[in-house]
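To keep things clear, I will list the structure first and then write my remarks on it.
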Amino acid sequence: MKGGVAELFDSFRKVVLPIATLLLLLKISYSSFDSTTDSLLQNLESSQNGSLPLDQPEQISPGITSTSTNYSAKTGIRQQTCNIFVGKWVQYPKGPYYTNETNCVIDDRQNCMKYGRPDSDFIHWRWKPNDCELPLFDANQFLQIVRGKTLAFVGDSLARNQMQSLVCLLANASIPVDVSETTDTRYRRWLYQDYNFTIMALWSPQLIKSIDTDPTGDPYYSLMNLYLDKADDVWASQVDKADIVIISGGQWFFRPFLYYENDQLIGCHKCNDKNVTKHTHYYGYRMAFRTAFKTLLSMKKLKGRLVMLRPFSPAHFENGDWNNGGNCNRTRPFNNQEMKLDGYELKMYMTQLEEFKAAEKEGRKRGSVKFKLLDTTEAMVMRPDGHPNHYGHWPHEKKLADCVHWCMPGPVDTWNELLLATLKMEGDEFIHR
């Protein structure tokens, strides 16, 4: 009897114990990349005992941290994940995915190669997450993931910048048909017939209803009515057709506004009326995203679909403001010690993320829209070299430098590498939905 027990124990020690140890080590060391929200200011869910409620007044909460994990249904364990949005730019000797001769539409204002930008180093950098590798963009893989779906870009010209980048990236695998319902290129639609995949641009720079009180006036300084509680019908009437919505905005909130709620004037930004309550531009910005997210949450047709926030895209004017001699002459990226998001750009970013986290929480509670963060901000704050500067037009055309949009090809293509990685993280349930 004793011998039998000894043999059984010896078998356990030699066979079962090593297997159990190996499984434990795999559980500890297993990692995968993911598109978590722990970037510049880290996960806002840990702030103030949870996300901000949709009716919470304006406030900014810097310096929030948390850890990130991901649950694997296949292994039944919680896995440490890699945050693809935190990293650095590394040199990449190979050429870009496309050129200005590729069969795709590049807005002249971002076509830096066409207009003779003399340096090319800006297209030889790739984003490297700290704890993993970001896969190269695979056009065929992307089209398989989005087969039978519609992707909508909602926002301003930077949203269009990303859309055009995606169309050029996909040109390696398929050329779409223009199925736009208007000749206005701000509302362009592309159909990839072999995949039944549609991309549509819905130009809405303020995201909410706006009326220009002086249409013939200066587009940057004339007074505009902004209806803080009403989504812009341009996108709100169309977006329920989409399976993936990428929403963004930022550069159009600095002009003078009259703010309305329930069709009643409740305040303004940069107005001269002494009897009207003055607000900063952050107030209108916050309310625009709050109303946009509320609108998306209320759409029954969007249940189970994906809404992604692509947060604030930093500008890099130096030696003056955008309208006072400012330019962006740098030819190399910053490293993350040289440049951090701060000042008004940090506050814009935080305002978006607070409203995003509140909407994300509400979406989980309702079991409706699924919100994800496509957090390109930290990567782009380090790319002062990626803008057209004076190479979005011919040299003899005396125009302002563009340090807001991004050259194509250029760093903006990274947004779509991150998009593909994020979609892959959604797994088979999303792909086959």
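Read the figures in this text as sums done on the coordinates, not as results from a lab. All figures in this text were calculated on a predicted structure; none of them were measured in a lab. All Cβ positions, even for glycine, are placed from backbone atoms using ideal geometry, and neighbour counts span all protein chains on display.
Placing unit charges on each Cβ (+1 for Lys and Arg, -1 for Asp and Glu) gives region 177-316 a dipole about its Cα centre, and among T280, M200, P215 the Cα reaching farthest toward its positive end belongs to T280. Divided by 2.2 N^0.38 Å, where N counts the residues, the Cα radius of gyration of region 177-238 comes to 1.43. For region 210-254, a Kirkwood radius taken over Cα pairs fed into Stokes-Einstein (10 °C, viscosity 1.306 mPa s) yields D = 125 µm²/s. Peptide packing for 110-118, 91-99 was compared via the average number of neighbouring C-beta atoms within 10 Å per residue; ordered from the highest value, the list is 110-118, 91-99.
Of the GluC sites (Glu not before Pro) found in region 268-364, those that fall in a DSSP loop while having at most 10 other beta-carbon atoms within 10 Å are E338. Counting pairs of Cα atoms in region 324-433, how many percent are more than 17 Å apart? Of all Cα-Cα pairs in region 324-433, 68 percent lie more than 17 Å apart.
Averaged over residues, the count of other Cβ atoms within 10 Å places the peptides 149-162, 204-217 in the sequence 149-162, 204-217, highest first. With 0.36 nm allotted per residue and the present C-alpha distance subtracted, the R433-D119 stretch has 108.6 nm of extension available. Summarising the label geometry, the points placed 7 Å from Cα in the beta-carbon direction at K241 and N196 lie 1.6 nm from one another.
If you take the Cα atoms of region 320-376, find Rg, then find the Kirkwood Rh from the mean of 1/r over all pairs, what is Rg/Rh? Reported Rg/Rh (Cα atoms, Kirkwood Rh): 1.17. Reported to the nearest whole Å, the Cα centre-to-centre distance from region 260-288 to region 313-351 is 27. Averaging the sequence gap over all C-alpha pairs within less than 8 Å and six or more residues apart, then dividing by the number of residues, gives region 215-282 a relative contact order of 31 percent.
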